[in-house]
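As C-alpha cells, the structure follows; a few thoughts come after it.
Values in this text are rule-based calculations from the coordinates and carry no lab data. Note that the structure is predicted; figures quoted are calculated from it, not measured. For neighbour counting, all protein chains shown are included, and Cβ atoms are generated from backbone atoms with ideal geometry for every residue, glycine included.
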Amino acid sequence: MAADGFALTGSPWFRRFSVQRTFAELLGKRWMDTLAPVTLLAIVILYFGASVPGFFNGANIATTGQILAEDGLLALGMTVVILGGGIDLSVGSIYAVANGVAVVLFKVYVWPVPVIILMAIVTGVVCGSVNGLFISHLKTRPFITTLVTLLLFRSIAVFVDQNYSARVGTTFRVDALWDNLANNQYGGFTLSFIILLALVIILQFIITRTRFGWQITAMGASRTSARRAGMRLDRLGFETYVISGALAGLSGFFVANRVGSASQSTGQGYEFIALTAVIIGGVSLTGGKGTATRALIGAGVVVILYQGLLLQNRDANIYQIMLAVILILFTIIDLKYSKNLDRAIQKIFMVPAAIRLGELIDVNELDSVYRPNRALTDAEPIGLGLLDGPEDVVLDRQGRLYCGDRRGYVWQFSGPNLEDGRIFSRVGGLPLGLGVDAHDNIIVCVGGMGLYSIAPDGSSHPLATRTKRSKFRIRDDSPLRLTDDLDIAPDGKIYFSDASTRFDGVEYMFEMIEARPNGRVLCYDPATGDTSTIVKNMSFPNGICVAHDGRSILINSSSLYRVDRYWLEGPQAGSMEPFLENLPGGPDNINRASDGGYWLAFAAMRSPVFDLAYEDASFRLGMLKELAQDEWLTPNLNTSCVIKISESGEVVEALWDETQRNHSLITSMREYDGWLYLGGLTNNRVGRVKLSSASHAESKSVGIVVGGGSRG
Amino acid sequence: MASRTFELVKEFLRPDSGADRSLPPMDGGYTPNDDLDRFEGLCSLVDVQDVLAVDHRRAVVTAGRALWLVDVFDISAKCLVEFDGQATGMDRLGDEVLVAVTGQGLYAWHLRNEALREIALSARGPLSNLSAVAAVGSRIFVTCPSAEHGWVDWPRDLMNKRSSGGLFELRDDGTMETLISGLAWPFGLCASPDMLSLFYTESWSHRLARYDLASGTRTAVTDRLPGYPARVRFTREGTLLLAMFALRNQLVEFVLRRDRYRGRMLAEIPVEDWICPSYRSTLSVRQPMQLGAAVHLGEIKPWAPALSYGLVAELTPQGVALVSYQARAGATRHGVTSACEVGDRLLVACRGNDELLLGRGVGEEHSHDQ
C-alpha cells in the first residue's frame, strides 16, 4: 500500500477531484466518440418503448431484428467503404438485384437454398467488383461512379422484375430451410439478425485488429501517407467495394427470404438509409474513422425509428424528414467534433490548484542563512562548450564524471582534471537524475522515457518504463512520463521519482504551473524487475536521496517547497514525516554530504508575486489561456543556490553564484573527494568548487554507512 | 460576474467582438537593436532625470536633487545648484533654465549670472508635483503627473490605473490654469518649433499627443506606442526624440486586467517586487520572472520579456518612428527618460543605469546590417 502525498498540499479532500479535469480526460478517450450515437439510440428506444404499446413484445423485437439485419448489413458495407475514403451509393441497387436473383432462383428455377445464398452473395460481389474496377483501377470518382452504377444496377433489377414478376407471383414453393431462415427464432431473434451480429464482431475484429483493417483505415485517413508507406491502394480500394457488394448481396437474400417477392421499388432510397446509419454511428465521411459497432449502433437508431413510427401509424414522410434532420445534425456534429476536439481538450486539460504556502523568508536579509553570495561564482568549469543542460552529475569509483545533456546524451569526463569529455551513451529523451550501482552501471532517469541502465561499455537498456496502472484513473498513468531523480539503497533497490503522470519530459513547466499532486515515487527492485509505487499523489517529487543510515529516503517536492522523509524500515515504515518545510525555493536534487548532512539545490526561488499566483488558481488559469509560454510568470529560474543541511534538518549554509553568469541555474550537486560538483538544467558546463572543510579526506565518494559500498 | 459571463458568451459567439489585447509590434523604426549599448558612457549620475542642450557642446542635466552642467567635448560635469526636492523636467526660457522641483515648484537658473530665481513655489497642489515644463515665448506650461501619487509613487499610480494628471499654464500671478485634466501620468512636455502647439506624453496610455495653443484642442499623435513614453524633445530637423523607460509587457497587461490579483499584490507585496514596469532589474532573486527570461547556456535571449527596457526613438511629428536606439533584455542601459541633441551628438539620460550616454548623432549611430 503506497503512502499518499495528497495531505502535503494542505487542500481539503474534495480537491482530489476536478470535474473539469475528469471531463478533459474523458474527452481524450476514443470510445467517447460514440457517446452521441449511444445516447440517441437510448433516447429512441426509451421513447418508443414508452409511447408504443407492445413495442417490447417478442414479435416486434423479432421483426425489428430482421429489418435491422437487412439495413445493418448495408450499413456495414458502407462503413468499410467510407472507412477507406470512398463512398458506395449503389448498395440499395445491389440489394435489389440480389433480391431479384434470389427470388427468381428460388421460385422459378427451384434451386437449393444454400446455392441461392451463395448466388446472392456472388451477385453482390460482381456488382461490387464493377464499382471497384472503375474506382480503384480506372481512378474514377467514387461518388459519381456509384451514382452511375446505382442507376445501372437498378435497371437490372427492374429488368429482372419485369421478366419474371408474373411467374414469381404465380409460383408457390415450400422449402423447410427457406421457411426456417425466415421464421424460426433463436432466443427471440431470427437467424438473419444473429448472422448480422456475427458479422459485426468479425468486421470489428478485422478493422481494429488486423493488418488489412489498419491499411483500410490508413488509406481513408491519408491516401498519400498510405501510398508512401507502401500500401497497394488500388487493391485495397477494390476490396472494400467487393466487401460492400457482398454484404449488400447477403442483405438482398434476407429480404427475398422475408418478403418473398421482387418489386421495382425494392431497396429504393436504401443508400440514404445506410448513409444515415453510418453517419449517426460516428463513422467519419472524410474517411479513416469508424468501426463495425458504430455502424450497428447507427443502423439500430434508423431501424427502431422506422419501426416505431410504423407502429404509431405515422405518415411515411415523417420518417424521411426525421432521417434528414438527424443526418444533417450528425454531419455537423461529426465535422465540429473532430475538428475541435483536440483544441477543446487542450483548453481544459490543465486545472491549476490553489496552494497556500507558508510565509516566504526574505533571503536578502542580512542575517539570513540563505543570503546570496559568490561562493560558486569561480567554480572550475568542466565540459564548457560541450554540454547543453547537465541536470545531474555523478562520479564513479575511478573518479570519472558522468552527466546528462538536454540532447539525450550521457557524457563521461575523465583525466586528472576531468578534461577529456566524450559522449558515453546516446540514451535519448531528457536525461535527468543519475546514480552508479554496485556493478558500475550508470543508472539514469530519462524524462519522457523511464529508468535506464547504462553498462560500462555505453550500451543502455530500460529498467522500468511503466508501472501498474492505478485504479480509478481515467487517464492511463502506467507509463513513466517524467522520471526525475533516483538513489540506490544498500540492498540494491532503486528509489526514483516520476514528477508527473500528466506531462512528459520537456513539459515540466506545465507541472510547475499546475501544481497538483500528479507525481509519484517508485521503487525498482532489481531482484524481481518489478516497479511499484511507494508514494502516490505527490506534488512534483524531484530529488530522491537515501538517508545516511539507509533506513529512510528523503523526497523533494519542487512545487510544495518542502522535503519529506519516507521511512523504509522501523516502526514508521511506509509512512512520511516532514524533514524541511517552507523552503525559499523549489528543491531540485538532494544528495548526501561527507559530514553526515545533505546537499540540496534549488531549481527555482520563490518570489512574492508567484506565491500570490500560487494561491490564486484562476490567475494561473487565465495566464495559461491568455499568455504565450514565454510570457508566463514563473518562480525565479535564474538562480544558483546550493544549501547544506544537517542530518536533523537544519540549514547550515548556502552557496550561491549571485552573478548568475557562469551558473545561471544549479539543479544538482555531488560531493566527491573534497570537491563539490555542480550541474544545471540550462547550463553549458558542469562546475566544481573545492570544499574548505577537511572532513571528507577519508572517503572518496559519499556512500551509505550501513552496508554502503562506494556509490555516487 | 454576470457581465463577465456575458462578455465570454459574446466573445465566443463573435470572436471579433473581444477586447483588443494585442501589443504594438516592434517593427519599422522600432526594429530591435543594441545601439544604446554602443553609446559612449559619458558619466555616472545617480537618478538622472532630464537632459537639455544649452549650446553646441554643453547641456544641463537634472539628477537627484541637483542641476548639473555637462560638457560633451571634454567630458566634464559640474554641479550648478542643489534643490530641496527631486529635480525633474527642464526647459529654456531666454538665458534661463526652468527646473521643476518636486515638493517645491518651479525655479529658473540663469546660465550666465549663475543665479537661482523662484518662479512659483507651493508645497501643495499640482505645483508641488511637476513632471515637465515648457516655455512658449514668455508663457510657461507645466504638467502634473498625478493628483494622487507623488513622483516616486508612479508604480502605484500605474497599477491602480489612475489618470489624474493634467496640463497647466502658469500665469504671471502664480496661479495655475488647467488646460487638460484627467491625463494618465503626463511625463514629457515640449513646445513645437513653430511655437503653435505643445507635445506631451501620457505614459499609462502609451500616447503621444499634441495640444493646440490657439484652439485649445488636443489630438493624439499616436496612442499605440510599444512602450511607456517618458520625455519628448524636438530635434533641429523638426523630428521628435521620444524616450521610453520600459516596454509594454503581456504579463503586466494581464495583471492590469486581473483586479483581484492586482489588488492583493498592491496590498500585500512591497513595491519593488511587483509585476510592474521598472527602470532597472534589481537582480534580486525575489523579483518577478517570466519564463522566456530564463538564462540558457549562460545567455538571456535579447527578445526575452523584460520589465525594463531602454529605448530612444526618433519620430516624425505625425508619430511615425524613423529610427530607434535600444537596450534589450539582458542589457543594463534601461529606463531611459530623456534625450536631446547637443551639437551633432545625442545625449541620453539613462535612469535605470544612473548614467549619461553619448551617441554620435541623430540618424548616424544606427547601424544596419546590409
**OP:** About the Cα centre of chain A, how large is the charge dipole given +1 on each Lys and Arg Cβ and -1 on each Asp and Glu Cβ? Please answer in debye to the nearest 20.
**Re:** 3220 debye
**OP:** Quick one: grab the alpha carbon gyration tensor of region A:287-337, order the square roots of its eigenvalues as a ≥ b ≥ c, and give me rounded if a/c is under 1.5, else prolate or oblate depending on whether a/b is larger than b/c.
**Re:** oblate
Subject >> Dipole-positive endmost among B:230, B:203, B:54 within chain B (Cβ charges, Cα centre) >> reply: B:203
Original post:
Relative to the first principal axis of the alpha-carbon coordinates of chain A, what is the inclination of helix A:211-221, with its axis defined by its Cα atoms, in degrees from 0 to 90 and to the nearest 10?
Top reply: 90 degrees
Original post:
Which shape class, rounded, prolate or oblate, goes with region A:44-157 when its Cα gyration tensor gives a ≥ b ≥ c as root eigenvalues, a/c under 1.5 marks rounded, and past that a/b bigger than b/c marks prolate?
Top reply: oblate
Original post:
Once amide H atoms are placed 1.01 Å from N in the peptide plane, what residues at a sequence separation of 5 or more from residue A:450, or on another chain, have their amide H within under 5 Å of its amide H?
Top reply: A:483
Original post:
Using θ = phi - 60° and the Karplus curve 6.51 cos²θ - 1.76 cosθ + 1.60, what whole-Hz ³J(HN,Hα) does each residue of region A:63-68 get, with Gly and Pro shown as x?
Top reply: 5, 4, x, 5, 5, 4
Original post:
Simple spin-label model, 7 Å along Cα-to-Cβ: residue A:455 to residue A:11 in nm?
Top reply: 4.5 nm
Original post:
Using the alpha-carbon centroid of each, what span in Å lies between region A:58-98 and region A:404-434?
Top reply: 62 Å
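Can you give the Rg to Rh ratio for region A:436-486, taking only C-alpha atoms and Rh from Kirkwood? Don't skip to the end; give the middle numbers.
Values: Rg = 13.0 Å, Rh = 11.9 Å.
Result for region A:436-486 is an Rg/Rh of 1.09.
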Original post:
Relative to the longest principal axis of chain A, what angle (0 to 90°, nearest 10) does the C-alpha long axis of helix A:91-107 take?
Top reply: 40 degrees
Original post:
Which order, highest average first, do A:460-468, A:400-408 follow once you tally other Cβ atoms within 10 Å for each residue and take the mean per peptide?
Top reply: A:400-408, A:460-468
**OP:** Return the Cα extents of chain B along principal axes one, two and three, sorted largest first, each rounded to a whole Å.
**Re:** 67, 48, 38
Subject >> Peptide B:296-303, shielding by other chains (average Cβ, 10 Å cutoff) >> reply: 5
Original post:
Which length gain, in nm to one decimal place, applies between residue A:42 and residue A:690 when the Cα-Cα distance is subtracted from 0.36 nm times their residue separation?
Top reply: 225.9 nm
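About the Cα centre of region A:582-655, what is the dipole size in debye to 20, counting +1 per Lys and Arg Cβ and -1 per Asp and Glu Cβ, all else neutral?
Values: 5 positive and 11 negative charges, 22 e Å.
Charge dipole of region A:582-655: 100 debye, to the nearest 20.
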Original post:
So how far, in whole Å, is the C-alpha centre of region B:66-105 from the one of region A:505-529?
Top reply: 61 Å
Subject >> Hull-based mean projected area of region A:485-592, where the convex hull spans the alpha carbons, in square nanometres >> reply: 6.7 nm²
**OP:** With θ set to phi - 60°, apply the Karplus curve 6.51 cos²θ - 1.76 cosθ + 1.60 along region A:471-487 and write out the HN-Hα couplings as whole Hz, x wherever there is a Gly or Pro.
**Re:** 6, 6, 10, 6, 7, 5, 10, 6, x, 8, 8, 9, 5, 10, 8, 9, 8
Original post:
Whole-Å semi-axes of the protein assembly as shown's equivalent ellipsoid, largest first, each the root of 5 times a Cα gyration tensor eigenvalue?
Top reply: 73, 43, 25
Original post:
Given q = 0.13 Å⁻¹, what are the Debye log10 I(q)/I(0) values for region A:579-643, with equal point scatterers placed on the Cα positions and solvent ignored?
Top reply: -0.47
Subject >> chain A: angle of helix A:233-259 to the longest principal axis, Cα-based, in degrees nearest 10 >> reply: 50 degrees
Subject >> Long-range HN-HN contacts of residue B:222 with modeled amide H, under 5 Å >> reply: B:208
**OP:** Return the inverse of the average 1/r over all pairs of distinct C-alpha atoms in region B:262-370, which is the Kirkwood hydrodynamic radius, in Å to one decimal.
**Re:** 15.8 Å
**OP:** Compare the Cα positions of A:464, A:494, A:272 along the charge dipole of chain A (+1 at Cβ of Lys, Arg; -1 at Cβ of Asp, Glu; about the Cα centre) and return the one farthest towards the positive end.
**Re:** A:272
Original post:
What 222 nm value per residue comes from the helices of chain A, counting each DSSP H run with n ≥ 4 as -39,500 (n - 2.57) and dividing by all residues, nearest 500 deg cm²/dmol?
Top reply: -13000 deg cm²/dmol
Original post:
Which of the chymotrypsin sites (Phe, Trp or Tyr not before Pro) found in region A:119-176 are loop residues per DSSP with 11 or fewer other Cβ atoms within 10 Å of their Cβ?
Top reply: A:172
**OP:** Would you work out which of A:145, A:7, A:104 lies farthest towards the positive end of the dipole of chain A, given +1 charges on the beta-carbon of Lys and Arg and -1 on that of Asp and Glu, about the Cα centre?
**Re:** A:104
**OP:** Pop out the ³J(HN,Hα) list for region A:608-624 in order, Karplus 6.51 cos²θ - 1.76 cosθ + 1.60 with θ = phi - 60°, rounded to Hz; leave Gly and Pro as x.
**Re:** x, 5, 6, 4, 5, 5, 5, 6, 9, 5, 5, 5, 5, 4, x, 4, 4
**OP:** Would you work out if region B:5-117 is rounded, prolate or oblate? Take a ≥ b ≥ c from the square roots of the eigenvalues of the alpha-carbon gyration tensor; rounded if a/c is under 1.5, else prolate when a/b is larger than b/c, oblate otherwise.
**Re:** prolate
Original post:
Taking every eigenvalue of the Cα gyration tensor of region A:1-105, multiplying by 5 and rooting it, what semi-axes result, largest first, whole Å?
Top reply: 48, 22, 11
Original post:
Which far-off residues, 5 or more places away or on another chain, put their amide H under 5 Å from the one on residue B:227, with H placed in the peptide plane?
Top reply: B:248
**OP:** Please identify every one of the trypsin sites (Lys or Arg not before Pro) in region B:1-55 that sits in a loop by DSSP and has no more than 12 other beta carbons within 10 Å of its own beta carbon.
**Re:** B:21
